[in-house]
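**Q** Shown below is the structure under consideration.
What follows draws every value from the coordinates through simple rules; no lab data is involved. None of these values were measured; they are calculated from a predicted model. No Cβ is skipped: glycine too gets one built from the backbone with ideal geometry, and neighbour counts run over all protein chains shown.
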Amino acid sequence: FWILFEAIWLLFPYIRNGTQVIIDAKFAAVRTGEVFKGAPEAKARVVIFGDSRVLCGFKPEIYDTLSQGKVTSYNVGIPNEKGFVEQLDIL
């Protein structure tokens, strides 16, 4: 049964809690280097950390547009996160 449940868990990632899906996706993007892969010509790279308010409130597309192409940013806001020091170690 354990192998069956593990296979289901891996094959259907969206059965999980939505918060965990978002966290896994964000950390995977950071670990694989996909975060700033699209804009290597940017002069400054900004990563924003925070909780749900940052996740919903900071829009990298708008921020990057307002900087007139001088900045590339990424939102690592994590739902329901009270502290983010542990995540800095992961990154």
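**Q** Across the range 43-58, in residue order, what do the Karplus-derived ³J(HN,Hα) couplings come to in whole Hz, using 6.51 cos²θ - 1.76 cosθ + 1.60 with θ = phi - 60° and x for Gly and Pro?
**A** 6, 10, 10, 10, 10, 9, 10, x, 9, 4, 5, 5, 4, 7, x, 9
**Q** Within the set of other residues whose C-beta is less than 15 Å from the C-beta of residue 33, count the net charge using Lys and Arg as +1 and Asp and Glu as -1.
**A** Details: positive: 26, 31, 37, 45; negative: 34.
Net of charged neighbours comes to +3.
**Q** At a Förster distance of 22 Å, what's the computed FRET efficiency of residue 48 paired with residue 25, Cβ-Cβ distance as r, to 0.05? Can you show the working numbers first?
**A** Details: r = 16 Å, r/R0 = 0.73.
Here the calculated transfer efficiency is 0.85.
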